[in-house]
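Here's the structure we're looking at; comments come further down.
What follows draws every value from the coordinates through simple rules; no lab data is involved. The model shown is predicted, which means the values in this text are computed figures rather than measured ones. Don't worry about glycine lacking a Cβ; one is built from the backbone with ideal geometry, like all the others, and counts go over all protein chains shown.
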Amino acid sequence: MFSRRNFLTSAGALAALSLMPRIVRAQTAVNRLAMPPLWDATETGQFALNAQAGVTNFIGQADSVTWGFNQSFLGPVVRMRSTGETRAEVTNALDEAISVHWHGLVAPGDVDGGPHQLVQAGDTWTPTLPVDQPAATIWYHSHTHGETGRQVYNGLAGVIHLTDGEDDARGLPSTYDVDDLTLVLQDRFLGQDGRMEYALSMHDRMMGFMGNAMVINGQVGATAVVPKGIVRLRLLNGSNARIYGLRMSDNRPMHLIGTDSGLLDRPAALGFLTLAPGERYEVLVDFGDGREVSLVSEQSLRADLGGGDPSVPPFEVLPFAIDPALPARITRLPDEIGGTRPDLVADSVIARQISLDMGMGPMAMMNGGSPHAINGQSFDMHRLNFQVGLGGLERWSVSASMMLHPFHVHGVKFQVLSENGAPPRMQNTGWKDTVLVNGQAEILMRFERAASTKLPFMFHCHILEHEDGGMMGQFAVA
Ligand code: C2O
Ligand code: CU
Ligand code: CU
């Protein structure tokens, strides 16, 4: 039975309370974390997503009206081949326009699902997705300009496993919901009655909306039950604005095996991992000692990547319980996993400066202007920022003002060349499509997919309130 007293006396709960002052725990005694339903499209080459409204009860109090694909909150994990064509069928059963963008898919602009490709209420969109890229954990979410924050917050998001079928040969855990866990990290604001709320104050618009409850795969207060062996965690930050600074509560290593757009050549042991909105990381964690442990996070990192403020205790993201009856198929860390680290040669490149701008104070709000912009200009659906040559290599120097901004580019995977002039942090040495910019970062990428001026690619800050506020631009590739 749930007891407030027990809740308050657990160390993790106390830490959680500093993040979440007014609530929050599910009121059931045993609450095993559920994975999203798995839609395996590897054989059929097709999947269907039905955007719909439903009801979610997060903490056993009032119901929340939420949105999801094929269910009431979030969508299925779609397992898709990393090469070949897959046909998607997206139906919008909501009463407003949405879009579905395949974040991390290196696909042409005409199937990218950005803000120019709205699926109107009642309509169906059937893009054929040509895929030819390394195996990776990517995701999909709504991308309706000005409404992305609210629509994703309501639940229009899900994960895709791009697979090449080689994980067993690599020695990687690959049994869905046993030793291969998909974890969608989101914070949500639950009001006094337990209902999910999204009401933006001026501060939220400036800084991004933060919740008071940790929600994993749509669940609050759940425990991941894992075998006594090595478990793969596919982490997605699907939050609107919160940046997690993750570590294991007993400081055991997280062995990084994959970044946004692919697997590494070999695992790299990390004690601390930042996870910004839009990013994915795959890590292996060894539960072989059978001890319970938690994934914890520093409070949101707004200005510091060094591990947060040591005077503020971390909060619990997800506790793990070990079930020795579950098959522990992998008990040894693989040496080589056969992925690649990008090593593009930056000889003849086109260089661009991208500045992620936040205007503070009343001036920024005047003249109907938005405080959020890129290179001084707020996003305009009708203005193309620039054109890129198909097959061209470009080096973008991205600078972030006022706070940390996760910078994402559609239609490519990129190499992080440097962070503030230094070689990238270990977690940024793999293929990426989103990079947390803390000052300045340089990225290098080759544009291999075309995008027309009518259906261009986006580049933007992945703090969704910043994106909605205009910290976004668009470019064609031809
Ligand atoms: Cu995940 Cu343009 O977005
Ligand atoms: Cu994207
Ligand atoms: Cu931003």
Residues of type aspartates and glutamates that LYS413 reaches as a straight line, Cα spacing below 16 Å, ignoring anything fewer than 8 places off in the same chain: ASP112, ASP132, ASP260, GLU279, ASP343, GLU394, ASP433, GLU442, GLU448
For THR182, THR331, what's the fewest-to-most ordering of other Cβ within 10 Å of each Cβ? THR331, THR182
Amide proton proximity set for VAL225, modelled H, under 5 Å, gap of 5+: LEU33, ALA321
For region 65-87 and region 378-457, compute the distance between their C-alpha centroids and round to whole Å. 26 Å
Ranked by Cβ crowding within 10 angstrom, fewest neighbours first, how are LYS228, LYS413 ordered? LYS228, LYS413
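Just to confirm a number: summing +1 for Lys and Arg and -1 for Asp and Glu over residues other than SER239 whose beta-carbon lies under 12 angstrom from that of SER239, what do you get?
Numbers: positive: ARG188, ARG242; negative: ASP187, GLU279, GLU465.
Once positives and negatives cancel, what remains is -1.
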Among DSSP bridges having both ends in the chain, what percentage is antiparallel? Round to the nearest 5. 70 percent
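Report the net charge of residues surrounding THR44, where surrounding means a beta-carbon distance below 13 angstrom and charges are Lys +1, Arg +1, Asp -1, Glu -1.
Result for the local shell: -1.
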So what's the net charge close to GLY470: Lys and Arg +1, Asp and Glu -1, counting the other residues with Cβ under 12 Å from its Cβ? -3
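With an 8 Å Cα cut-off and a minimum separation of 6 or more residues, compute the relative contact order for the chain in percent.
In percent, rounded to a whole number, it is 15.
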By count of other Cβ within 10 Å, fewest leading, how are LEU38, LEU273 ordered? LEU38, LEU273
Per-residue ellipticity at 222 nm for the chain, helices alone: DSSP H runs ≥ 4 residues times -39500 (n - 2.57), over residue total, nearest 500 deg cm²/dmol? -2000 deg cm²/dmol
